[in-house]
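The values are calculated or read from the model by the stated rules, or taken from the named source; none is laboratory data. Bear in mind the structure is a predicted one, so any value in this text is a computation, not a measurement. Every residue, glycine as well, gets a Cβ built from its backbone with ideal geometry; the counts of neighbours run over all protein chains shown.
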Amino acid sequence: MRIAVASGKGGTGKTTVSANLARVFGSQVQLLDCDVEEPNAHLFLNSDLISQDIATIPVPEVDEALCDGCGECGRFCEYHAIVSFGTKPLVFPEMCHWCGGCMLVCPQHAIREVDRRIGTVETLQAGNITLIQGRLDIGVVMAPPLIRQVKDRATDNLPIILDAPPGTSCPVISTIGGSDFVLLVTEPTPFGLHDLTLAVDMVRQLGIPFGVVVNRMGVGDDRVHAFCLSEGIPVLLEIPDDRQIAEAYSRGRLIVDALPQYRNLFERLRAKVTAMVHEVRGQLVAAKGGSR
Amino acid sequence: MKIAFTVSETDLDSPIDSRFGRAAKFLVYDLVTETFEVVDNQQNLNAAQGAGIQSAETVARLGAECLVTGHCGPKAFRVLNAAGVKVYTTEATTAAEALEQFRLGNLTPSTSADKDGHWA
């Protein structure tokens, strides 16, 4: 089971929801921090580092002895990562989207791929939670390949909770793709609602079942709830705007550990999401005549 | 010899667009025939990244040997350099004024980019 936690707006509580949800699973669970530009789930978990590996992407390298300057590579590249003017090509590794196309079209076979470091993938253990996190190197701008490498580390034998970056662009799509369910975390403010509507559009286009978590209930207004009601979107959890929660957060503590009175909120969330995933799977099986 | 200017409109009185990669248009002036053409750069105006590289390719393919612009970043400069296009930066307000500076020899070729890249 793969549950992704996303949002349109940043700072709504994605990590709070995903880390607390992971904790109340009780049994072994994998938490994937896919916000590789600023992974922060580790701040809330007393974890031991199990492994740290360098993540790379393949980028082109030109053998100038073989290159005849035909320019096919540059004409092929959509991203201008390789440029040729009848001269030896210039390579801009930071623009490369690692498709390998330049290597395939080169008539002289003058291009090979070399590894370019983009960051690290770390595995940590904190009680029942195996935290897998990506850490993009400073100056590297493309998160999706590192996010994919973080996801590749997870095993399908244990539940997976994915903590997505904010927004609705490539890094988020890379994170939530392949999930069974998406939790969209928002806050009951006009800004929260605006970005929630973008996130809802995104998840609908991907065809993934989803529900909403409203954080900091008590601030703002009721327009997020009105929107969810009119769109038929289930609100699966409301987290109160409680100063104690902010204080626990500021000390790097999970709500379910620091404030036991709120533990049942996340246990109920877990039960609801698990039930919804099983319901959707049941429908899929029924739709396919029980063949799977 | 052809000279490319980054401009925002379609004639010689057009203001110089100080950006290179995301310039609105290129005005390519032919010093031999004393004529010019204007090429739109709209696709790069909205490019997420790589605008400088693509603009440099455009200018090189237009056959310009010199480029007069406001600023030039490192990737664009590398491509222009490889393509043999000399880069001149100017604070002139119009293409006509920049052309006059060029004719009078008041512009000196840049030896490096004058701006840092946006990404790295």
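Quick notes on this one:
- Condition check for A:Gly86: among the small types (Gly, Ala, Ser), within 13 Å of chain B (Cβ to nearest Cβ) and surrounded by fewer than 16 Cβ atoms within 10 Å (Cβ to Cβ): yes
- Every condition in (1) within 14 Å of chain A (Cβ to nearest Cβ); (2) farther than 20 Å from A:Arg75 by Cα; (3) in a helix (DSSP H, G or I); (4) not β-branched (Val, Ile, Thr) is met by B:Leu99 except one, and the failing one is (1).
- Selection from segment A:103-129 of residues that are under 23 Å from A:Asn46 (Cα atoms) and not charged (D, E, K, R): A:Gly119, A:Thr120, A:Val121, A:Thr123, A:Leu124, A:Gln125, A:Ala126, A:Gly127, A:Asn128, A:Ile129
- Of the residues A:Val224, A:Val212, A:Val256, the single one that is touching a helix residue (DSSP H, G or I) at 6+ places or on another chain (Cβ under 7 Å), assigned to a strand (DSSP E or B), of a type in the set (A, V, I, L, M, F, W, C) and surrounded by 20 or more Cβ atoms within 10 Å (Cβ to Cβ) is A:Val212.
- Enumeration of residues in segment A:90-111 that are without any contact (Cβ under 8 Å) to a residue 24 or more places away in the chain, within 14 Å of another protein chain (Cβ to nearest Cβ) and out of contact with any strand residue (DSSP E or B) (no Cβ under 8 Å at 6 or more places or on another chain): A:Met95
- Sub-6 Å Cβ pairs linking a first residue in segment A:148-166 that is polar (S, T, N, Q) to a second residue that is outside any loop (DSSP other than H, G, I, E, B), at least 6 apart or interchain, are A:Gln149/A:Ala55; A:Gln149/A:Val121, ordered by first then second residue.
- Options A:Ser51, A:Ser47; residue that is among the hydroxyl-bearing types (Ser, Thr, Tyr), farther than 24 Å from A:Met142 by Cβ and more than 10 Å from chain B (Cβ to nearest Cβ): A:Ser47
- For B:Gly50: the one exception among (1) on the phi < 0 side of the Ramachandran plot; (2) out of contact with any strand residue (DSSP E or B) (no Cβ under 7 Å at 6 or more places or on another chain): (1)
- Residue in segment A:172-180 that is surrounded by fewer than 22 Cβ atoms within 10 Å (Cβ to Cβ), over 13 Å from the mean Cα position of the chain (by Cα) and at pLDDT 95 or above present: yes
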